[in-house]
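First comes the structure, then the notes that go with it.
The values are calculated or read from the model by the stated rules, or taken from the named source; none is laboratory data. In this text the structure is predicted, and so the values were computed from the model without any measurement. A quick note on method: Cβ atoms are made from the backbone with ideal geometry, for glycine too, and the neighbour counts reach across all protein chains shown. These area figures cover heavy atoms from the full protein model, side chains too; ligands, DNA and RNA do not enter into them. Shrake-Rupley method; radii C 1.70, N 1.55, O 1.52, S 1.80 Å.
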Amino acid sequence: MSGQLARARSLLSRPGAWIDVQGAGYGIRMGLDRRSRVLLTVEEDALRSLIEAPGLKPRPGGGWVARLKPPTSAGPVPGRPGWFDGTRMVMNPQGRLVEHAVNLGESPIAWLARRRDQSGRPWLTPAEVAAGERLRHDAELAGSGPSVTMRWDGLPRSGAGSAGRAEPGDRAVNASRRVETALQAIGPRLRPFIVRVCLQQTSLQLAEREAGLRRRQGKTVLKQGLQALADHYGIG
């Protein structure tokens, strides 16, 4: 992995290099269009590392190029290292799916939302993506109270702290109840995987290994869980 990542960064530092979706991974090319030969194919974990360094920005005509010179602005601007420009379908307070400009580098769900199968169909439906992001939003809100530690899986990650609990505000309490109700609705079989990906922001490949699943089996389990979540929320 480290050797492949180093080569990917080296290739992307060359003039004219760019990266785009290539089958089940991402291909680095040197030509002007997709007829050019793929020099290296990397997977999800490597792509997320490339988003962090050197950073990626949209390329005219599709794909992304390396952001070799980080922006000097002190404020957060789209395109900074760690920021992956894109859009995401979310549910507004009126219950409608709307499109928002977001950072696609922050969420495994958002990464999967960009992927398509061999027929060109998205791996996840807009309703499934919105359900996963709604659960994540509620979890973040639930943890916004002072010194609150929320653990819906009962399995702390290694190195996790054991901060004392304190009474959060009403919004955090209500959000925590919504998360627990949603996780109960999807059932004990799908719950651990949804927690890993949606709440702990674990990459799909790592979540598969942690759950003892075969390669690419996690996508099916995740999709089942997100479908159950969408049904629970009444999205779709």
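For the reader, a short list of remarks on this structure follows.
- Within the range 52-67, tally of residues that are within 15 Å of S10 (Cβ to Cβ), of a type outside the set (G, A, S) and part of a loop (DSSP other than H, G, I, E, B): 1
- Of all residues in the range 207-226, exactly one satisfies the criterion of being over 22 Å from D117 (Cβ atoms) and outside any helix (DSSP H, G or I), namely G212.
- Residue within the range 76-90 that is part of a helix (DSSP H, G or I), at pLDDT below 80, over 22 Å from Q224 (Cα atoms) and out of contact with any Asp or Glu (no Cβ under 9 Å at 6 or more places or on another chain) present: no
- Among all residues of the range 102-110, there is none that is at positive phi, at pLDDT below 60 and open to solvent by 40 Å² or more (accessible area, probe 1.4 Å).
- If the condition is being buried (at least 17 other Cβ atoms within 10 Å of the Cβ) and modelled with pLDDT of 90 or more, then the range 207-231 contributes V221, L222, Q224, G225, L226, Q227, A228, L229, A230.
- For the range 111-129, a residue qualifies if it is open to solvent by less than 60 Å² (accessible area, probe 1.4 Å), touching a residue at least 60 places away in the same chain (Cβ under 8 Å) and under 25 Å from S49 (Cα atoms), and the qualifying residues are W111, L112, R114, R115, W123, L124, V129.
- Residue in the range 114-145 that is nearest to the chain's Cα centre (by Cα), counting only those that are of a type in the set (G, A, S) and part of a helix (DSSP H, G or I): G132
- All positions within the range 11-37 that are closer than 21 Å to R116 by Cβ, assigned to a loop (DSSP other than H, G, I, E, B) and touching a residue at least 12 places away in the same chain (Cβ under 8 Å): G23, A24, D33, R34
- Hits in the range 38-51 (condition: part of a helix (DSSP H, G or I) and open to solvent by 20 Å² or more (accessible area, probe 1.4 Å)): D45, R48, S49
- Members of the range 182-206 found to be in a helix (DSSP H, G or I) and open to solvent by 70 Å² or more (accessible area, probe 1.4 Å), listed by number: Q184
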